[in-house]
Amino acid sequence: MLNERDVEELLTLRGHEQEELFERARQEREKVFGTRVVLRGVTEIGNSCRVNCEFCPMRRDNTRENETFLADTEALVETAKTISEHGINVVFFQAGEIPQTTKIVGEAIPRIRELYDDDVEILLNLGNKKRSEYEYLREQGATSYILKHETSDPDLNLRMRHETLESRLACMSDLLELGFKTGSGGIVGLPGQTLRSIARDIVLARDMGIHMCSFAPFVPAPNTPLSDWPSGDVDTTLNALAASRLVNPHWLIPSVSALAKNREGGQKSGYLAGANVMTVNFTSQRNSDRYLIYGKDRFVVRPNYGSGLLAELGLTPGRSVFAGKDALIALG
Ligand code: SF4
């Protein structure tokens with residue numbers, strides 16, 4: 001089993017050795033998933049947040065400057081219809097951390113399940129919530145939840161998020177105990193972050209027993225305290241994806257659009273490094289412009305771009321592995 005030191009070494013590989021790492025990661029992916037890449041249809045449902053992360057333009061201090069929006073239950077059901085028309089059965093709702101999303105999303109879930117005749121995974125990324133709220137969302141029919149720890153270094157976490165790592169991990173434990181397929185991951189390139197700390201991010205995710213893991217390079221966003229900090233290194237991020245695949249071949253690992261933002265072709269490289277999830281954006285153009293997670297000129301994956309990229313790589317767009325008739329039982 002790979003330990004922190006092994007993973008740290010993998011993060012440093014470049015050139016020929018890096019190619020070999022990617023090749024191994026692709027082989028491990030293929031053993032479990034074949035050519036299948038899970039498509040998620042995401043919609044961003046609100047852009048207010050009570051948290052004040054140093055790297056995020058949606059941070060609390062920016063609330064007054066941003067044009068805020070919050071979708072209602074009806075809008076979520078409508079978007080789910082559009083997602084289903086594209087043959088995607090992972091419906092993904094994402095928002096800043098505010099309590100209102102619990103009710104809005106909770107009320108939409110049974111209607112969406114009905115729309116899909118239950119052949120659907122409802123994936124949420126709505127931040128820290130009380131255990132009772134997670135419980136409610138699970139009872140309503142939510143399948144999975146992404147709550148990235150961002151960094152496993154407690155001091156850095158506190159400096160970057162102004163929240164304790166402990167509180168984040170407690171929420172992740174709640175999600176796992178309630179039966180959510182749970183995702184985590186980190187950001188590569190935060191100020192003062194070491195390679196060892198990134199290696200620990202991966203090992204921590206394994207030790208917690210999560211089901212999905214994601215890494216994104218840091219993207220300096222305007223109107224944030226880190227607007228002048230350099231972008232995260234794409235090679236280190238790709239190696240983190242490949243190392244994650246070796247640490248747990250069963251993980252769902254997305255190739256995130258931030259890779260393309262930091263390097264042309266970066267998202268394609270993510271699949272070559274062993275990623276197996278693509279997130280396609282179904283947020284309206286107007287709300288997408290207001291979502292601001294990487295600033296106004298972020299790169300958004302729309303359906304046509306996504307299918308073209310996968311075809312180029314010889315990969316197949318696939319449905320949920322956690323729910324519905326194409327679920328992979330072996331993933332548990
Ligand atoms: S990263 Fe998430 S929790 Fe932090 S400010 Fe942005 S939306 Fe809020």
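Once you sort the root eigenvalues of the Cα gyration tensor of the chain as a ≥ b ≥ c, which label holds: rounded (a/c under 1.5), prolate (a/b larger than b/c) or oblate (the other case)? Can you show the working numbers first?
On the way: a/c = 1.37, a/b = 1.13, b/c = 1.21.
Note, shape of the chain comes out rounded.
Within region 88-129, what whole-number % of the accessible surface is contributed by carbon and sulfur, with the 1.4 Å probe and all protein chains included in the calculation? Provide the component values of the computation, followed by the final result.
Numbers: 640 of 1330 Å².
Using a 1.4 Å probe with all protein chains present, region 88-129 comes out at 48 percent carbon and sulfur.
Are any of the pairs Lys129/Lys181; Lys31/Lys148; Lys103/Lys325; Lys130/Lys325; Lys181/Lys325; Lys148/Lys325 more than 21 Å apart by Cα-Cα distance, and if so, which?
Beyond 21 Å: Lys31/Lys148; Lys103/Lys325; Lys130/Lys325; Lys148/Lys325.
Among Phe92, Leu238, Met1, pick out the residue whose Cα is farthest towards the positive end of the charge dipole of the chain, where Lys and Arg carry +1 and Asp and Glu carry -1 on C-beta, about the Cα centre.
Phe92
Run the dipole for region 4-322 about the Cα centre, Lys and Arg Cβ at +1, Asp and Glu Cβ at -1, nothing else charged, and hand back the magnitude in debye, nearest 20.
Dipole about the Cα centre, nearest 20: 220 debye.
Once amide H atoms are built 1.01 Å from N in the peptide plane, which residues 5 or more positions from Ile146, or in another chain, come under 5 Å H to H?
Correct list: Leu124, Asn125, Leu126, Gly183.
Taking only Cα atoms and a 10 Å spring cutoff, compute GNM fluctuations for the chain and point out the largest among Gly270, Gly183, Gly314.
Gly314
With a sphere of radius 15 Å drawn around the Cβ of Arg24, what net charge do the other residues whose Cβ falls strictly inside it have (Lys, Arg +1; Asp, Glu -1)?
-4
Taking trypsin sites (Lys or Arg not before Pro) as exposed when DSSP calls them loop (any state but H, G, I, E, B) and at most 10 other Cβ atoms lie within 10 Å, what is the longest stretch of the chain free of them, the sites themselves excluded?
65-324
Per the chain: cysteines with no other Cys C-beta under 4.7 angstrom?
Cys49, Cys171, Cys213
Compute the signed sum of charges (Lys and Arg +1, Asp and Glu -1) over the other residues within less than 10 Å, Cβ to Cβ, of Asp119.
Numbers: positive: Arg113, Arg319, Lys325; negative: Asp117, Asp118, Glu121, Asp326.
Counting the neighbours of Asp119, the net charge comes to -1.
Pairs of alpha-carbon atoms within less than 8 angstrom and 6+ residues apart define the contacts here; what relative contact order does the chain have, in percent?
Relative contact order of the chain: 25 percent.
Pick from Pro99, Pro249, Pro217: which residue has the top mean-square fluctuation in a GNM of the chain where Cα pairs under 10 Å get a spring?
Pro99
Among Asp153, Asp228, Asp119, which one moves the most in a GNM of the chain with springs linking Cα atoms closer than 10 Å?
Asp228
Under 8 Å for C-alpha pairs, at least 6 residues apart: give me the relative contact order for region 126-285, rounded to a whole percent.
Working: 249 pairs, mean separation 28.6, N = 160.
Over region 126-285, the number comes to 18 percent.
Projecting each Cα onto the charge dipole of region 58-172 (Lys/Arg +1, Asp/Glu -1 at the beta carbon, about the Cα centre), which of Ala142, Thr102, Ala71 comes out farthest on the positive side?
Thr102
Can you give the net charge of the other residues whose Cβ lies under 12 Å from the Cβ of Val7, counting K and R as +1 and D and E as -1?
That works out to 0.
Among DSSP beta bridges whose residues both lie in region 4-322, state the antiparallel percentage, nearest 5.
Taking every DSSP beta bridge with both residues in region 4-322, the antiparallel ones total about 5 percent.
The values are calculated or read from the model by the stated rules, or taken from the named source; none is laboratory data. What you see is a predicted model, and the numbers here were worked out from it, not measured in a lab. We place every Cβ from the backbone using ideal geometry, glycine too, and count neighbours over all the protein chains shown. What goes into the accessible areas is simple: the full protein's heavy atoms, side chains included, and nothing from ligands, DNA or RNA. Shrake-Rupley method; radii C 1.70, N 1.55, O 1.52, S 1.80 Å.
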